[in-house]
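I have placed the structure first, in the form of structure tokens, so that the comments after it can refer back to it.
The values are calculated or read from the model by the stated rules, or taken from the named source; none is laboratory data. On a predicted model such as this, the values are computed, not experimentally measured, just so you know. Positions of Cβ are generated from backbone atoms using ideal geometry, with glycine treated the same way; all protein chains shown enter the neighbour counts.
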Ligand code: DP6
């Protein structure tokens with residue numbers, strides 16, 4: 001019996017302009033655009049294997065070795081169904097002799113076989129996914145997880161589609177996942193269409209554009225977080241007046257400013273916008289009823305350290321040389337250029353010597369989502 005399998009891995013991304021709020025909770029359409037940096041695949045990633053087989057009786061999923069339910073109509077079921085639909089539409093519904101333009105060049109031989117399997121989309125799939133970092137600790141495991149899922153299914157199904165098209169599907173698994181389909185600097189354009197077809201990820205610049213950019217991850221706590229992003233952001237949409245101001249009057253300008261800073265490799269401007277947006281995201285969390293606190297005392301002490309570091313740096317005429325940002329948890333991500341990494345690591349270790357969970361992530365990832373292989 002034929003049996004098809006593909007493996008792909010995708011890295012975490014960390015937003016500089018935060019996504020926080022949905023205008024459509026089913027399609028996962030955001031209330032504002034966002035922008036992130038995709039991290040190095042070697043350090044924080046999800047790796048997912050998908051297998052299709054005519055003998056499988058239902059779709060099944062294992063996360064870090066433990067079987068999880070695929071809820072009918074849930075996010076996982078939606079992503080799998082959308083990928084099967086894309087396979088049918090892009091490959092199986094076409095004339096058998098029509099040549100396929102297949103972008104996954106490294107699997108050309110197997111791809112030809114896969115494209116010639118007319119019923120692949122009707123087989124059930126078994127999916128196994130692993131993270132090499134703590135799940136749901138504010139380290140964006142859902143982002144890399146859904147990006148790896150759609151990437152592995154895209155390879156399994158030999159889909160001749162762009163990462164932006166795949167980002168439309170990853171988005172329906174977890175909003176921030178759409179940005180992990182690309183490496184480097186990535187925007188998620190909120191779009192205006194009610195069907196969400198223009199709410200997708202685009203690459204602002206590849207990693208090679210600014211290879212000196214580094215991200216240092218300070219793991220303050222790897223406990224599971226208190227309020228999930230999904231429920232927290234909906235409460236903010238329902239109760240925060242500050243969020244409405246942010247959506248209308250703050251984010252559009254910041255998206256333009258940070259894109260310009262990235263294009264001109266202006267670290268001072270990049271840092272200013274990144275820190276301001278982290279601050280405002282945590283301000284809207286606080287402006288939620290009841291209020292949400294993601295940072296703790298250690299998070300705030302790291303902010304104070306970076307503020308002081310930048311004050312001294314600006315006094316010397318060097319501009320800001322570090323930028324902190326926090327997602328829905330207490331862990332800090334510090335962006336800085338390569339030349340400052342050693343100094344900042346030494347500073348953090350000096351002031352937080354008891355913390356051994358400090359991890360530096362060198363470089364950014366280049367080709368998210370298309371590292372993998374297909375076997376038959
Ligand atoms: C604070 O993408 O996890 O990390 O779409 O409900 O799955 P859902 O939310 P999720 O939210 C991420 C929020 C954030 C900011 C960001 O990554 O832009």
Quick one: count up the residues across the stretch 303-320 that are in contact with a helix residue (DSSP H, G or I) (Cβ under 7 Å, 6 or more places away or on another chain) and within 15 Å of residue 346 (Cα to Cα).
-> 2
Pick from the stretch 1-28 the residues that are within 11 Å of the ligand (Cβ to nearest atom), touching a strand residue (DSSP E or B) at 6+ places or on another chain (Cβ under 7 Å) and not in a strand (DSSP E or B): which of them is farthest from residue 257 (Cα to Cα)?
-> 28
Counting only residues that are in a strand (DSSP E or B) and surrounded by fewer than 18 Cβ atoms within 10 Å (Cβ to Cβ), how many does the stretch 54-66 have?
-> 3
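Quick one: which residue in 240, 299 is modelled with pLDDT under 95, within 16 Å of the ligand (Cβ to nearest atom) and more than 20 Å from the chain's Cα centre (by Cα)?
Details: 240 fails: modelled with pLDDT under 95.
Sole residue among the options that is modelled with pLDDT under 95, within 16 Å of the ligand (Cβ to nearest atom) and more than 20 Å from the chain's Cα centre (by Cα): 299.
Mind checking which residues of the stretch 156-167 are under 21 Å from residue 206 (Cβ atoms) and crowded, with 24+ Cβ neighbours inside 10 Å? Reasoning before the result, please.
Of all residues in the stretch 156-167, those under 21 Å from residue 206 (Cβ atoms) come to 161-167.
Correct list: 163, 166, 167.
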Looking at the stretch 76-89, which of its residues are farther than 17 Å from residue 126 by Cβ and surrounded by 20 or more Cβ atoms within 10 Å (Cβ to Cβ)?
-> 86
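Taking the condition farther than 16 Å from residue 328 by Cβ, modelled with pLDDT of 95 or more and buried (at least 20 other Cβ atoms within 10 Å of the Cβ), does residue 39 pass?
Values: farther than 16 Å from residue 328 by Cβ: yes; modelled with pLDDT of 95 or more: no; buried (at least 20 other Cβ atoms within 10 Å of the Cβ): yes.
The answer is no for residue 39.
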Evaluation of residue 31 against (1) near the ligand (Cβ under 10 Å from one of its atoms); (2) modelled with pLDDT of 95 or more; (3) surrounded by 20 or more Cβ atoms within 10 Å (Cβ to Cβ) (one fails), failing number = (1)
Can you name the residue in the stretch 132-153 that is more than 14 Å from residue 61 (Cβ to Cβ) and at pLDDT 75 or above and is also surrounded by the most Cβ atoms within 10 Å (Cβ to Cβ) among such residues?
-> 147
Tell me the strands (runs of 3 or more DSSP E) entirely within the stretch 164-236 that contain at least 1 residues that are away from the ligand (no atom under 12 Å from the Cβ), closer than 15 Å to residue 13 by Cα and at pLDDT 95 or above.
-> 185-188, 201-205
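With the condition kept exactly as written, say whether any residue in the stretch 54-65 is within 16 Å of the ligand (Cβ to nearest atom) and either at pLDDT 95 or above or in contact with a helix residue (DSSP H, G or I) (Cβ under 7 Å, 6 or more places away or on another chain) (or both).
Narrowing the stretch 54-65 to residues within 16 Å of the ligand (Cβ to nearest atom): 63.
Then drop every residue that is not either at pLDDT 95 or above or in contact with a helix residue (DSSP H, G or I) (Cβ under 7 Å, 6 or more places away or on another chain) (or both), which leaves none.
No.
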Please go through the stretch 29-53 and pick out each residue that is in contact with a helix residue (DSSP H, G or I) (Cβ under 7 Å, 6 or more places away or on another chain), under 25 Å from residue 275 (Cα atoms) and assigned to a strand (DSSP E or B).
-> 30, 35, 36, 38, 45
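Just to be sure, is residue 259 under 21 Å from the mean Cα position of the chain (by Cα), farther than 27 Å from residue 337 by Cβ and surrounded by 15 or more Cβ atoms within 10 Å (Cβ to Cβ)? Explain how you work it out, then say what you get.
Values: under 21 Å from the mean Cα position of the chain (by Cα): yes; farther than 27 Å from residue 337 by Cβ: no; surrounded by 15 or more Cβ atoms within 10 Å (Cβ to Cβ): yes.
For residue 259, the condition - under 21 Å from the mean Cα position of the chain (by Cα), farther than 27 Å from residue 337 by Cβ and surrounded by 15 or more Cβ atoms within 10 Å (Cβ to Cβ) - is not met.
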Collect the residues in the stretch 302-336 that are surrounded by fewer than 17 Cβ atoms within 10 Å (Cβ to Cβ) and not in a helix (DSSP H, G or I), keeping them in residue-number order.
-> 316, 317, 318, 319
For the stretch 283-294, what are the residues that are over 15 Å from residue 237 (Cβ atoms) and buried (at least 21 other Cβ atoms within 10 Å of the Cβ)?
-> 294
